[in-house]
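Taking it in order: structure first as structure tokens, then the write-up.
The values are calculated or read from the model by the stated rules, or taken from the named source; none is laboratory data. Quick caveat: nothing in here was measured; it's all calculated off a predicted structure. Every residue, glycine as well, gets a Cβ built from its backbone with ideal geometry; the counts of neighbours run over all protein chains shown. These accessible areas exclude ligands, DNA and RNA; they are computed on the full protein's heavy atoms, side chains included. Shrake-Rupley method; radii C 1.70, N 1.55, O 1.52, S 1.80 Å.
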Amino acid sequence: MNNNLLTYKQEVYRKIHHLSSLFIPLIMYYLSDSSSLLFISGCLLLALLIDFGRNKVLFIKKIFNYTLKPVTRSYETNFLSASYMIISFFFITLFFETSIIITAMILSIVADTTAALFGMKIGKVKLFYSKTLEGSYIFFLTSYLILYFSNIDLSNFHMIIIAFLTMFVELLSPTKFDNFTLPIATSLIIYFVL
């Protein structure tokens, strides 16, 4: 048994926390480029403070143990997946335009969540890193829908290509690092398709 896997109930709770990070692209949508960089820098600082303080600062440790420890995976003893995600959000904010940044963030948050939950619930065909064919299919569909409703002018063909490529990035990324690789790869793929 893979000790990095959580029960379905724990995974749902973890993904609710994951979805709460949608506040980042929502706020950045209304900010200027310089304000967005300042905002994401503050988010990164907060994430790192939680990550490093959860083992050293009693106040942070108590809050962490109450809210996040029950859904922390075994490989997150030193660095949380959420911190990897915020670091990647910071990098894409440095290099890409707002429409790409926001779309990549939303796609990474929502498609990852739906893939994990559906894959765990209905997934039968195991692929890589405990990920399933069914979860990957849901990831593709969710990505396509996010691209369809984004404010980026893409043809149907381009949306299918981007959804397909991001699905493969997520599938082939070790679970420990997919929160880091997915936003960066999604931004690059959209940039080069445009």
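Residues of the stretch 30-54 being among the polar types (S, T, N, Q) and open to solvent by 40 Å² or more (accessible area, probe 1.4 Å), which ones?
Ser32, Ser34, Ser35, Ser41 - these are the residues of the stretch 30-54 that are among the polar types (S, T, N, Q) and open to solvent by 40 Å² or more (accessible area, probe 1.4 Å).
Is there a residue in the stretch 150-173 that is outside any helix (DSSP H, G or I) and under 13 Å from the mean Cα position of the chain (by Cα)?
Here is the first cut: in the stretch 150-173, the ones outside any helix (DSSP H, G or I) are 150-155, 173.
When the remaining residues are screened for being under 13 Å from the mean Cα position of the chain (by Cα), the result is 173.
Within the stretch 150-173, one or more residues are outside any helix (DSSP H, G or I) and under 13 Å from the mean Cα position of the chain (by Cα).
Does at least one position in the stretch 62-84 carry a residue that is surrounded by 22 or more Cβ atoms within 10 Å (Cβ to Cβ) and of a type in the set (A, V, I, L, M, F, W, C)?
Taking the stretch 62-84 as the starting set, the residues that turn out to be surrounded by 22 or more Cβ atoms within 10 Å (Cβ to Cβ) are none.
No, the stretch 62-84 has no match at all.
Looking at Val57, is it open to solvent by 60 Å² or more (accessible area, probe 1.4 Å) and out of contact with any Lys or Arg (no Cβ under 7 Å at 6 or more places or on another chain)?
Numbers: open to solvent by 60 Å² or more (accessible area, probe 1.4 Å): yes; out of contact with any Lys or Arg (no Cβ under 7 Å at 6 or more places or on another chain): yes.
Yes: the conditions hold for Val57.
Looking at Lys121, Lys62, which one is basic (Lys, Arg) and closer than 30 Å to Leu171 by Cβ? Quick ask: steps written out before the conclusion?
Numbers: Lys62 fails: closer than 30 Å to Leu171 by Cβ.
After applying the criteria, what remains is Lys121.
State all residues of the stretch 23-37 that are among the hydrophobic types (A, V, I, L, M, F, W, C) and assigned to a helix (DSSP H, G or I); if no residue qualifies, say none.
Phe23, Ile24, Leu26, Ile27, Met28, Leu37 - these are the residues of the stretch 23-37 that are among the hydrophobic types (A, V, I, L, M, F, W, C) and assigned to a helix (DSSP H, G or I).
Out of all the residues in the stretch 92-113, which are assigned to a helix (DSSP H, G or I) and open to solvent by 30 Å² or more (accessible area, probe 1.4 Å)? Before you say what the answer is, go through the steps one by one.
Going through the stretch 92-113, the residues assigned to a helix (DSSP H, G or I) turn out to be 92-95, 98-113.
Leu94, Phe95, Thr98, Ile106, Val110, listed by residue number.
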